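Written below as structure tokens is the structure these notes are about.
The values are calculated or read from the model by the stated rules, or taken from the named source; none is laboratory data. These figures come from a predicted structure and were not determined experimentally. Counting neighbours? That spans all protein chains shown, and the Cβs are built from the backbone with ideal geometry, glycine included. For the accessible areas, the whole protein counts, side chains as well, though only heavy atoms, and no ligand, DNA or RNA atoms are used. Shrake-Rupley method; radii C 1.70, N 1.55, O 1.52, S 1.80 Å.
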Amino acid sequence: MHRNEEDEEGRKETAYQDGMLLAIAPMYVPMILAFGIHFVMLLAGKTRYPRWILAFHPVTWNILLVAVPDIAQAMQMPVAAWMSVMSQSSSNTAIVIWCIAAAVYERSHT
């Protein structure tokens, strides 16, 4: 593949990603608002959960799962498949972790 073809492929991929981000934004904005508000309420002690459960909150895990690959790349680690998997699945994984933690908490406190 020639350099011009690689550049063209890169532009196509960037355009696709930009288009996808715009397409999924209507779903993510309400989700970010809901989780953000809940995170702040949990910090302020306005929910039935204790503050230690913040360790399992989706905001916490989203930040961790997105930041770890970025930190690894900043430390000059070679790019690996796990980095992409972690950052791409961060929202879904964070919600699953939260659901498990909330279910365990509720089971032990009801």
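Inspection of the range 38-51 finds no residue satisfying the criterion of being open to solvent by 100 Å² or more (accessible area, probe 1.4 Å), under 21 Å from residue 94 (Cα atoms) and of a type in the set (Phe, Trp, Tyr). The residues of the range 8-34 that are open to solvent by less than 60 Å² (accessible area, probe 1.4 Å) and of a type outside the set (A, V, I, L, M), listed by number, are 10, 19. Exactly one residue out of 95, 63, 100 is exposed (fewer than 15 other Cβ atoms within 10 Å of the Cβ), modelled with pLDDT of 90 or more and within 11 Å of the chain's Cα centre (by Cα), and it is 63.
Would you check if there is a residue in the range 58-67 being over 21 Å from residue 28 (Cβ atoms) and of a type in the set (A, V, I, L, M)? No, that holds for no residue.
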